[in-house]
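What follows is a single structure, written as structure tokens, with notes after it.
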Amino acid sequence: MKNILVIGATGQIGSELTMELRKRYGNENVVAGYIAGAEPKGELKVSGPCAITDVTDATMIENVVKEHKIDTIYNLAALLSVVAESKPMLAWKIGIDGLWNVLEVARIHGCAVFTPSSIGSFGADTPHVNTPQDTIQRPRTMYGISKVTTELLSDYYHTKYGVDTRAVRFPGIISNVTPPGGGTTDYAVDIFYSAVKGEEFVCPIQEGTFMDMMYMPDALDAAINLMEADPSKLIHRNAFNVTSMSFDPEMIYKTICKYIPDFKMSYQVDPLKQSIANSWPDSLDDSCARKEWGWNPKYCLDAMTKDMLEKLRLKFK
Ligand code: SER
């Protein structure tokens, strides 16, 4: 990776991934691609090149790739699960038509492409505990349908045209920088904001609902280390199960209470979020990622909780 384009650079993952890539590969070599209305701000804006890059516009992507001699594209443009249910056509347009644009540009200009999939690519028929790498993927949400299609289309471009496509299936990502918008796992971020602000947290997900989660520093490592991996070792490509932890609302609540003993949580279950969560795995088997490219997350629930609370306390001081 020498010259990198991040599409969706102002989103939840993109904003931190762009900064991490700039740290590792040089500020000038990482272009923050954004859409109108979501312009980069602060450090993201001033620390390196930025370019308007709408994933639904192939010519625009191609112009940025040519101008900056891009060899690697991180394509992070997507709608999260709950929003995708209210805007299914837009979710498809961004997630699939957009990916097609990226893959075509990559094929013509010889770029490697990372496009994340998700735990949402599984469905109710998938084994829920220790979900295998290769298993049934029949999701019923538009988010899940678009993620399975992402995996298949990315593999297609690899086998048919030799495009170097690679991806992980991200679980819920927890971070203290850019909040997520409209996902099923967002509660695991929101709970920290309530805790630090001294407010009661009203949880939209039922007690006993387990989902895989990951702290942002590990998510960034996953995205970068997979793209750096020796291709001869990759049996899979699109996309690898990766996880750091699996918990239900009670477990994260009790972990936060170790640091903020008077923190209160109540439940008001959101039926849409709950039905999506019920169809997702309780825990993933990520042994293929560990074996094929050395995936090894650093943060467990307790270490993440400590760090999240420290960082958010500084933010709200
Ligand atoms: N965080 C995503 C969501 O909840 C899942 O990958 O939509």
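The values are calculated or read from the model by the stated rules, or taken from the named source; none is laboratory data. None of these values were measured; they are calculated from a predicted model. Please note: Cβ atoms are built from the backbone with ideal geometry, for glycine as well, and neighbour counts cover all protein chains shown. What goes into the accessible areas is simple: the full protein's heavy atoms, side chains included, and nothing from ligands, DNA or RNA. Shrake-Rupley method; radii C 1.70, N 1.55, O 1.52, S 1.80 Å.
Descriptive notes on the structure:
- Note on the chain: Cα-Cα pairs beyond 32 Å make up 24% of the total pair count.
- Estimated FRET transfer efficiency (residue 250, residue 317; beta-carbon r; R0 25 Å; 0.05): 0.30
- The DSSP beta bridges internal to the chain are antiparallel in roughly 10% of cases.
- Remark: region 97-157 carries a charge dipole of roughly 120 debye about the Cα centre, counting +1 on each Lys and Arg Cβ and -1 on each Asp and Glu Cβ.
- Stretched out straight at 0.36 nm per residue, the stretch from residue 262 to residue 100 would grow longer than its current Cα-Cα span by 53.3 nm.
- Summarising the amide proton neighbourhood of residue 183: residues at separation of 5 or more, or on other chains, whose placed amide H is nearer than 5 Å comprise 82.
- Amide H to amide H, with H built 1.01 Å from N, residue 141 comes under 5 Å of no residue 5 or more places away or on another chain.
- Placing +1 on the Cβ of every Lys and Arg and -1 on the Cβ of every Asp and Glu, with no other charges, gives region 93-201 a dipole of roughly 280 debye about its Cα centre.
- Cross-link reach list, lysines versus residue 291, counting only Cα pairs under 24 Å and skipping chain neighbours closer than eight places: 147, 233
- Per residue accessible area in Å² of the chain, where ligands, DNA and RNA are left out and the probe is 1.4 Å: 43
- Across region 233-238, coupling constants 3J(HN,Hα) worked out from phi with the 6.51/-1.76/1.60 Karplus curve, θ = phi - 60°, read 8, 8, 7, 9, 9, 10 Hz, and Gly and Pro carry x.
- Ordering 90, 73, 106 by the projection of their Cα atoms onto the charge dipole of region 72-156, which places +1 on the Cβ of Lys and Arg and -1 on the Cβ of Asp and Glu, puts 90 at the extreme positive end.
- Cut-off under 5 Å, modelled amide H: who pairs with residue 125 long-range: 138
- All aspartates and glutamates inside 19 Å of residue 45 as judged from Cα atoms, apart from same-chain residues fewer than 8 positions distant: 16, 20, 28, 54, 67
- Within the listed set 145, 136, 256, the Gaussian network model of the chain (springs between alpha-carbon atoms below 10 Å) gives the highest mean-square fluctuation for 136.
- Residue 39 paired with residue 63, simple spin-label distance in nm, labels 7 Å along Cα-to-beta-carbon: 1.7
- Karplus-based coupling profile of region 200-205, in residue order and whole Hz: 6, 9, 9, 8, x, 10, with θ = phi - 60° in 6.51 cos²θ - 1.76 cosθ + 1.60 and x standing for Gly or Pro.
- Per residue, the average separation of C-alpha pairs within less than 8 Å and at least 6 apart gives the chain a relative contact order of 18 percent.
- Most mobile of 121, 232, 86 in a GNM of the chain (Cα contacts under 10 Å): 232
- Cβ-defined net charge surrounding residue 116, 12 Å radius [Lys, Arg +1; Asp, Glu -1]: +2
- Computed label-point distance, nm, for sites residue 200 and residue 87 using a 7 Å Cα→Cβ extension: 3.3
- Ranking 208, 150, 174 by Cα position along the charge dipole of region 143-250, where only Lys, Arg, Asp and Glu carry charges on their C-beta atoms, puts 150 farthest toward the positive end.
- Of 266, 154, 47, the one that fluctuates the most in a GNM where the chain has Cα springs shorter than 10 Å: 266
- Apportionment of accessible area to carbon and sulfur, the chain, percent (1.4 Å): 53
- Estimated vicinal HN-Hα couplings, Hz - region 117-124 in sequence order (Karplus 6.51, -1.76, 1.60; Gly, Pro = x): 9, 7, 4, x, 6, 9, x, 4
- In the chain the longest region clear of GluC sites (Glu not before Pro) that are loop-assigned by DSSP and have at most 15 other C-beta atoms within 10 Å covers 1-198.
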